[in-house]
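Peer 1: Following this message is one structure expressed as structure tokens.
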Amino acid sequence: MIEQDVGLLTAIVSESEWWGSAADPEDILQDGNAFVVEVDGEMAGWLGFDEELHPEYKFASLDIILAPSFQARGLGREALRLVIDWLVAHRGHRRFTIDPAVANSRAIKAYEKVGFKPVGVMRKYELGTDGEWHDNLLMDLLSEEL
């Protein structure tokens, strides 16, 4: 991802019903820990990650958003697999987490197809655009399960 991508990616992320608030360009940049999801030369979405680098806990947490016209085509699953492979090979991670809203059943099913497993519900985890706190499902994946 390069800085010139931020404007369009901010619009894609802000359009999502699952992003808690208006996207901030700094959130999109993710301190360099983000990728553009590109399909046939077109910007399709954003994939960001945070890392726990302490050797005793080393893992990455992932977030992904695709523009509506690119959803329901398996592209998110493919992007997650590619980034997880990269994080294993280049950053040495062995465990991955993702935390969709409990109400986002489509995302949960997609993440399960990647290999993520439900760990538990995080109650009142995320403030929604409606001003209410919503539950999210913590899911994880070990590198050998991909």
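Peer 1: Could you tell me whether THR129 is closer than 25 Å to GLU15 by Cβ, touching a residue at least 60 places away in the same chain (Cβ under 8 Å) and polar (S, T, N, Q)?
Peer 2: Working: closer than 25 Å to GLU15 by Cβ: yes; touching a residue at least 60 places away in the same chain (Cβ under 8 Å): yes; polar (S, T, N, Q): yes.
Spelling it out, THR129 is indeed closer than 25 Å to GLU15 by Cβ, touching a residue at least 60 places away in the same chain (Cβ under 8 Å) and polar (S, T, N, Q).
Peer 1: Modelled with pLDDT of 95 or more, within 12 Å of the chain's Cα centre (by Cα) and surrounded by 13 or more Cβ atoms within 10 Å (Cβ to Cβ): is that true of PHE116 in this structure?
Peer 2: no
Peer 1: Another question, if that's okay. Report whether or not LEU66 is at pLDDT 95 or above, surrounded by 14 or more Cβ atoms within 10 Å (Cβ to Cβ) and either in contact with a strand residue (DSSP E or B) (Cβ under 9 Å, 6 or more places away or on another chain) or basic (Lys, Arg) (or both).
Peer 2: Criteria not met by LEU66.
Peer 1: Filter the stretch 79-97 for residues that are more than 19 Å from ALA67 (Cβ to Cβ), of a type in the set (A, V, I, L, M, F, W, C) and crowded, with 16+ Cβ neighbours inside 10 Å and give the result.
Peer 2: Hits for the stretch 79-97 are ILE84, LEU87, VAL88, PHE96.
Peer 1: If ALA79 passes every condition in (1) within 22 Å of ALA34 (Cα to Cα); (2) out of contact with any helix residue (DSSP H, G or I) (no Cβ under 8 Å at 6 or more places or on another chain); (3) of a type in the set (Gly, Ala, Ser); (4) at pLDDT below 90 but one, which one does it miss?
Peer 2: Unmet for ALA79, out of (1) within 22 Å of ALA34 (Cα to Cα); (2) out of contact with any helix residue (DSSP H, G or I) (no Cβ under 8 Å at 6 or more places or on another chain); (3) of a type in the set (Gly, Ala, Ser); (4) at pLDDT below 90: (4).
Peer 1: When the residues of the stretch 39-78 are narrowed to those that are part of a strand (DSSP E or B) and over 15 Å from the mean Cα position of the chain (by Cα), which ends up farthest from LEU142 (Cα to Cα)?
Peer 2: GLU42
Peer 1: Also, quick follow-up: Step by step: first the residues of the stretch 37-56, then only those that are under 20 Å from GLY115 (Cβ atoms) and without any contact (Cβ under 8 Å) to a residue 24 or more places away in the chain, then the one that is surrounded by the most Cβ atoms within 10 Å (Cβ to Cβ). Which residue is that?
Peer 2: Across the stretch 37-56, the extreme among qualifying residues is GLY48.
Peer 1: For the stretch 79-93, name all the residues that are hydrophobic (A, V, I, L, M, F, W, C), touching a residue at least 40 places away in the same chain (Cβ under 8 Å) and within 13 Å of VAL114 (Cβ to Cβ).
Peer 2: ALA79, VAL83, ILE84
Peer 1: Now for a different question. In the stretch 119-146, how many are over 18 Å from the mean Cα position of the chain (by Cα) and at pLDDT 95 or above?
Peer 2: 2
Peer 1: So in the stretch 1-19, with the set limited to residues that are under 19 Å from ALA101 (Cβ atoms) and crowded, with 16+ Cβ neighbours inside 10 Å, which one is modelled with the highest pLDDT?
Peer 2: Out of the qualifying residues, it is ILE12.
The values are calculated or read from the model by the stated rules, or taken from the named source; none is laboratory data. Just so it is clear, the structure is predicted and the values come from calculations on it, not from any experiment. Glycine gets a Cβ as well: all are built from the backbone with ideal geometry, and neighbour counts include every protein chain shown.
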